[in-house]
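Structure first, commentary second.
Please treat every number below as a calculation from the coordinates, not as lab data. In this text, all values refer to a predicted model and were calculated from it rather than measured experimentally. Neighbour counts run over all protein chains shown; Cβ positions are idealised from the backbone, glycine included.
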Amino acid sequence: MQHFPEWVRGARSISNNKGRADEAITILRARADVGDWRAADWLSDLLVGHGRVDEAITVLASRADAGDRGAAYWLADLLAEQGRVNELRTRAEAGDEDAAYWLADHFEEQEPEG
């Protein structure tokens, strides 16, 4: 059995309980703010799941800008999924390889078949 810190078990339990998502978000945000990548990942998933996409993008962008490659990938994926091409372009132009990949994929899908 995998051992998780108490805060992980608490946040997971709360997030699985309808109506308590804000409580779980508070716990996860506090951990993400001190650099815990697992908390940032779970927080962004929970935010997206509750329709708070802009907040999830902010969490992922903060981690990606701090050098977290996993967050950069998931941020680019989320931006592409949300159709936020201008934000993908901006990140790609700043050197974000994941954003460049998703941006190229977006334009490839837009090309008419011929």
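Points to keep in mind about this one:
- Cα gyration tensor shape of region 14-83, rounded if a/c is under 1.5, else prolate or oblate by comparing a/b with b/c: oblate
- Local electrostatic count at Trp74 - Lys and Arg +1, Asp and Glu -1, tallied over other residues with Cβ under 11 Å: -4
- Cut-off 13 Å between beta-carbons: net charge of the residues surrounding Asp36, Lys and Arg +1, Asp and Glu -1: +1
- Each other residue within a Cβ distance under 13 Å of Arg52 adds +1 if Lys or Arg and -1 if Asp or Glu, for a net charge of -3.
- Sorting Ser62, Ser44 by the number of Cβ atoms found within 10 Å of their own Cβ, with the fewest placed first, yields Ser62, Ser44.
- Region 19-114: relative contact order as a whole-number percent, Cα under 8 Å and 6+ apart: 15
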